[in-house]
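The values are calculated or read from the model by the stated rules, or taken from the named source; none is laboratory data. Bear in mind the structure is a predicted one, so any value in this text is a computation, not a measurement. Positions of Cβ are backbone-derived with ideal geometry, glycine not excepted, and every protein chain shown enters the neighbour counts. Just the protein is used for accessible areas: all its heavy atoms, side chains included, with ligands, DNA and RNA removed. Shrake-Rupley method; radii C 1.70, N 1.55, O 1.52, S 1.80 Å.
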Amino acid sequence: MSIQMQQARRALRGKPTTGPDASLWARIGYWAGLSVVQLFVFEFVVAATWRGLYSYRTNFISELGVPFCGPTGNWPCSKLYVLADVSIALVGVALVVAAVAWMVTGVLDVRGGVLLAVAGLGAVVAGSINQGLNYSVHSFGATLMFVVGSLGLIVAGGHRSLHRTVRITVTTLGWIGLAASLFFIGGHNFGLGIGTIERVVVYAILVATVVLAVAHHRTARRLKILDTVATGSVVTGSEATDSAAASATDERPIYGSTNAEWRR
């Protein structure tokens, strides 16, 4: 079993990896979190090639992932419909990978990690089985992503390793996503269009994920977890002494630590 797998298993038991050993996972979490923005791109591309007028306001996102539509269900929607399905599934994979990486590095506790991972699995299901193949299964996967993903962000946004502004931003987006999820499930669009309500949920999750990815990456760089490994530099005795002195007076938490507290 690889070292990374062992670190992942330890993270599920609430034992994160600390110090430079967290470097690889820090990078994985960063790029996985950023990768969710691809959904914005592919959504736009497929919508632009959709037969007729696709509306962000009245049409579901998942409608971009079906090959045929129209009154009789036999009009080609978009020849690029597969891109929409793959994009949704990749968002799910990214959420799962990011959740694991953040748990390993200790910037996300097990509760939040499991919630985000389950949400990611829901997105994988929704992307793999479009609403034209099996509407019930597709809807179940989408609901998991919407509701569980929003709850996961609320938990993730409360982690002590985050700056206050980031905590407020992520938790607010989580609550917005959760409220919009309930409105969407209940069929309430308040005149905005059901497509708008669905996008409030999805976009809140995507934006919050990117915010978390950037915040955690900055923490890793600030504490030189990434720089040390990336440059392969050797720390001299005087540098080690200076580093130890700085660490002793630093009020910030050690990246990946479960015991350090933010001093308010």
Heavy-atom accessible area ranking, 1.4 Å probe, most first, across His188, His159: His188, His159
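Leaving ligands and nucleic acids out of the surface, order Cys69, Cys77 by accessible area at 1.4 Å, largest first.
Reading off the accessible areas and sorting them downward yields Cys69, Cys77.
Roughly to the nearest percent, how much of the accessible area of segment 101-197 is carbon and sulfur, given a 1.4 Å probe? Can you show the working numbers first?
Working: 2860 of 4050 Å².
The computed percentage sits at 71.
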Point-to-point label distance, Leu80-Val110, nm (Cα→Cβ direction, 7 Å offset): 4.4
Placed amide H near Phe68: partners under 5 Å, 5+ positions off or other chain: Cys77
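For Arg160 and Phe140, FRET efficiency with R0 = 35 Å and r from the beta-carbon atoms, rounded to 0.05? Can you show the working numbers first?
Values: r = 34 Å, r/R0 = 0.97.
About 0.55, to the nearest 0.05.
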